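The values are calculated or read from the model by the stated rules, or taken from the named source; none is laboratory data. As the structure is a prediction and not an experimental result, all values here were calculated from the model. Cβ atoms come from the backbone with ideal geometry, glycine included; neighbour counts cover every protein chain shown.
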Ligand SMILES: Nc1ncnc2c1ncn2[C@@H]1O[C@H](COP(=O)(O)OP(=O)(O)OP(=O)(O)O)[C@@H](O)[C@H]1O
Ligand SMILES: [Mg+2]
């Protein structure tokens, strides 16, 4: 009797201490950004998916933010690699190194007991890529590894009632891919992944400026232009921005001023592709689920959801309500974090 009382007291006291050492992690392995959610601690890592390598030895010089800073500015012996491209793993070895680094960093180098790791991966991942991701996590000392689909996680993280019967349409516009999915009863009823997403828009801006102004700009500048003055539908207040780059003709530094209309034109094809794919998804959705979607609306997640007036454009072209997830850049990792503490749900939806 007395022993039982003591056990209860000590367990009660120990619980906060144990959770402090909880090693379970949820990872969103994105083309542009990787995010890690630690159970009971929340998002502990939110960094670019980039690795700087020494060209001669192959040693890792920097990972994440530090590596992205080097992009376009490296000396000959260092190169910055983005191991994921278009939502798929382009370089296994480097992806493994990056995952390993982030997992160690999230664990703050503590000694851990049986961490469970859930990783959300692009929907069109191949068997070989699944193996590579899983092996990388096991090598980083995971005791259990589960893979889940990014689109499902985006919906869950955005707070959509995915486990209930009823249609949910989520559009996750990332850097490499836009994933469109219709979900009901924790299952994917329809899904489609397209290469038209954030990176594609940046490239479109680069080639537009080259064509129109003979101006060469870097990737990072293109992204900044998109974020600051890019839009998918005319703005109430016009925006403009001074852009610096290199003249294609003289080879010298050059500056021009671009406005929101020009950038809208530059990315219009990428935006139209996304809108058409959403319409195609609606056409292929069974009627009962369609009815739910028209009540609940379309939810946008991923960094691309923040493109100015994209929600307005989709609303205009589909006639449906559209809303942006609360924290679109983190929807996937937050959803994956929810699965981490719901083992039954995890069993139902993991894709191994
Ligand atoms: N305010 C903004 N306006 C427009 N685009 C934005 C904004 N903020 C971020 N982005 C874009 O969002 C993209 C990154 O989004 P996110 O982190 O969701 O991608 P990811 O998960 O790494 O990629 P993927 O899901 O395709 O693998 C980048 O292309 C970035 O330029
Ligand atoms: Mg993503």
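Here residue 182 does not qualify as within 16 Å of ligand 1 (Cβ to nearest atom), surrounded by 24 or more Cβ atoms within 10 Å (Cβ to Cβ), over 21 Å from residue 37 (Cα atoms) and modelled with pLDDT of 95 or more. In region 162-175, the residues that are under 19 Å from residue 31 (Cα atoms) and outside the structural domain of residue 85 (by TED's automatic domain parsing) reach residues that are away from ligand 1 (no atom under 12 Å from the Cβ) and part of a strand (DSSP E or B) with C-beta atoms within less than 7 angstrom, at least six apart or across chains, in these pairs: 170/181; 170/183; 170/299; 171/180; 171/298.
Does residue 94 satisfy the criteria of being assigned by TED's automatic domain parsing to the domain that holds residue 147, within 16 Å of ligand 1 (Cβ to nearest atom) and closer than 19 Å to residue 339 by Cα? So residue 94 fails the test. Within region 298-315, residues that are at positive phi and at pLDDT 95 or above reach partners that are more than 14 Å from ligand 2 (Cβ to nearest atom) and not in a strand (DSSP E or B) with beta carbons closer than 7 Å, at six or more positions or on different chains, in the pairs 309/232; 309/233; 309/235. One residue alone among 96, 47 is crowded, with 17+ Cβ neighbours inside 10 Å, in contact (Cβ under 8 Å) with a residue 12 or more places away in the chain and farther than 24 Å from residue 218 by Cβ, and that residue is 96.
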